[in-house]
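The values are calculated or read from the model by the stated rules, or taken from the named source; none is laboratory data. In this text the structure is predicted, and so the values were computed from the model without any measurement. We place every Cβ from the backbone using ideal geometry, glycine too, and count neighbours over all the protein chains shown.
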Amino acid sequence: MLNAASNTTAGQAYTFEAVAGNPSNYVNLALVNGATAYRGGDLTIGATGSMLISVRTTASVTGLFTNQGQTKLVNTTATFASNVVNSGGLSLQSATLSGSVTNLVTGTPSKATG
(Lines give C-alpha, C1' and ligand atoms only; values in the text may rest on other atoms or scores of the structure.)
Protein backbone atom coordinates (compact mmCIF):
# COMPACT_ATOMS: atom_id res chain seq x y z
CA MET A 1 0.00 0.00 0.00
CA LEU A 2 1.20 3.47 -0.86
CA ASN A 3 -0.52 5.68 1.72
CA ALA A 4 0.13 9.30 0.68
CA ALA A 5 3.50 8.04 -0.61
CA SER A 6 5.35 6.85 -3.69
CA ASN A 7 7.99 4.33 -4.64
CA THR A 8 11.36 5.84 -5.57
CA THR A 9 13.31 3.09 -7.31
CA ALA A 10 13.92 3.67 -11.01
CA GLY A 11 13.32 0.69 -13.28
CA GLN A 12 11.04 -1.01 -10.77
CA ALA A 13 8.69 -2.87 -13.12
CA TYR A 14 6.40 -5.24 -11.21
CA THR A 15 3.47 -7.60 -11.76
CA PHE A 16 0.95 -7.87 -8.93
CA GLU A 17 -0.55 -11.38 -8.99
CA ALA A 18 -0.61 -14.67 -7.13
CA VAL A 19 2.26 -16.90 -8.23
CA ALA A 20 2.17 -20.61 -7.33
CA GLY A 21 5.15 -21.52 -5.18
CA ASN A 22 6.04 -17.87 -4.52
CA PRO A 23 4.16 -16.64 -1.45
CA SER A 24 6.32 -13.50 -1.29
CA ASN A 25 4.87 -12.04 -4.52
CA TYR A 26 2.53 -9.09 -3.90
CA VAL A 27 -1.01 -9.55 -5.24
CA ASN A 28 -2.78 -6.24 -4.45
CA LEU A 29 -1.77 -2.60 -4.81
CA ALA A 30 -3.61 0.22 -3.05
CA LEU A 31 -2.89 3.91 -3.67
CA VAL A 32 -4.76 5.89 -1.00
CA ASN A 33 -4.92 9.16 0.99
CA GLY A 34 -3.53 12.19 -0.80
CA ALA A 35 -0.80 12.39 -3.43
CA THR A 36 0.50 8.95 -4.39
CA ALA A 37 2.67 7.73 -7.25
CA TYR A 38 3.97 4.53 -8.80
CA ARG A 39 6.98 5.56 -10.82
CA GLY A 40 10.15 4.26 -12.26
CA GLY A 41 8.86 1.25 -14.19
CA ASP A 42 6.00 -0.51 -15.86
CA LEU A 43 3.11 -1.67 -13.68
CA THR A 44 1.06 -4.80 -14.40
CA ILE A 45 -1.97 -6.06 -12.51
CA GLY A 46 -1.97 -9.76 -13.38
CA ALA A 47 -5.05 -11.94 -13.86
CA THR A 48 -5.18 -12.78 -10.14
CA GLY A 49 -4.18 -9.31 -8.93
CA SER A 50 -6.00 -6.10 -8.09
CA MET A 51 -5.43 -2.38 -7.70
CA LEU A 52 -7.48 0.15 -5.75
CA ILE A 53 -7.02 3.91 -6.02
CA SER A 54 -9.27 5.58 -3.47
CA VAL A 55 -9.94 7.97 -0.58
CA ARG A 56 -9.64 11.37 -2.28
CA THR A 57 -6.33 10.41 -3.81
CA THR A 58 -4.48 12.15 -6.62
CA ALA A 59 -2.47 9.29 -8.07
CA SER A 60 0.04 9.11 -10.88
CA VAL A 61 1.60 6.18 -12.71
CA THR A 62 4.58 6.98 -14.94
CA GLY A 63 5.24 3.69 -16.74
CA LEU A 64 3.05 1.54 -18.97
CA PHE A 65 0.05 0.26 -17.00
CA THR A 66 -1.33 -3.14 -18.00
CA ASN A 67 -4.48 -4.38 -16.28
CA GLN A 68 -5.35 -8.06 -16.62
CA GLY A 69 -7.04 -8.34 -13.22
CA GLN A 70 -9.36 -5.95 -11.38
CA THR A 71 -8.68 -2.23 -11.08
CA LYS A 72 -11.05 0.10 -9.25
CA LEU A 73 -10.88 3.89 -8.96
CA VAL A 74 -13.18 5.35 -6.28
CA ASN A 75 -13.51 9.07 -5.38
CA THR A 76 -10.15 9.83 -6.97
CA THR A 77 -8.19 11.33 -9.83
CA ALA A 78 -5.59 9.11 -11.52
CA THR A 79 -3.15 10.20 -14.22
CA PHE A 80 -1.35 7.61 -16.35
CA ALA A 81 1.63 9.18 -18.15
CA SER A 82 2.11 6.21 -20.49
CA ASN A 83 -0.53 4.01 -22.08
CA VAL A 84 -3.15 2.02 -20.19
CA VAL A 85 -3.77 -1.43 -21.68
CA ASN A 86 -6.89 -3.02 -20.21
CA SER A 87 -7.85 -6.67 -20.67
CA GLY A 88 -9.38 -7.09 -17.20
CA GLY A 89 -12.00 -5.25 -15.17
CA LEU A 90 -11.61 -1.48 -14.95
CA SER A 91 -14.23 0.47 -12.99
CA LEU A 92 -14.58 4.13 -12.07
CA GLN A 93 -16.87 5.34 -9.31
CA SER A 94 -16.90 9.14 -8.88
CA ALA A 95 -13.42 9.08 -10.40
CA THR A 96 -11.41 10.61 -13.23
CA LEU A 97 -8.84 8.70 -15.29
CA SER A 98 -6.44 10.71 -17.47
CA GLY A 99 -4.31 9.02 -20.12
CA SER A 100 -4.52 6.96 -23.28
CA VAL A 101 -6.59 3.79 -22.70
CA THR A 102 -6.66 0.75 -24.98
CA ASN A 103 -9.40 -1.76 -24.16
CA LEU A 104 -8.72 -5.22 -25.50
CA VAL A 105 -11.56 -7.56 -26.48
CA THR A 106 -11.50 -9.28 -23.07
CA GLY A 107 -11.46 -6.02 -21.10
CA THR A 108 -14.56 -4.86 -19.25
CA PRO A 109 -14.40 -1.11 -18.73
CA SER A 110 -17.25 0.39 -16.77
CA LYS A 111 -18.15 3.69 -15.23
CA ALA A 112 -20.34 3.58 -12.17
CA THR A 113 -22.01 6.64 -10.75
CA GLY A 114 -22.59 7.46 -7.15
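Numbers for the structure displayed
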read-out: Strands (runs of 3 or more DSSP E) enclosed by segment 33-91 - at least 2 residues per element that are under 26 Å from Pro23 (Cβ atoms); value: 43-45, 50-61, 65-67, 70-74
read-out: Residue list for segment 47-57, filter: touching a strand residue (DSSP E or B) at 6+ places or on another chain (Cβ under 8 Å) and either at pLDDT 90 or above or buried (at least 19 other Cβ atoms within 10 Å of the Cβ) (or both); value: Gly49, Ser50, Met51, Leu52, Ile53, Ser54, Thr57
read-out: Filter pass, Val101 being modelled with pLDDT under 95 and surrounded by 14 or more Cβ atoms within 10 Å (Cβ to Cβ); value: yes
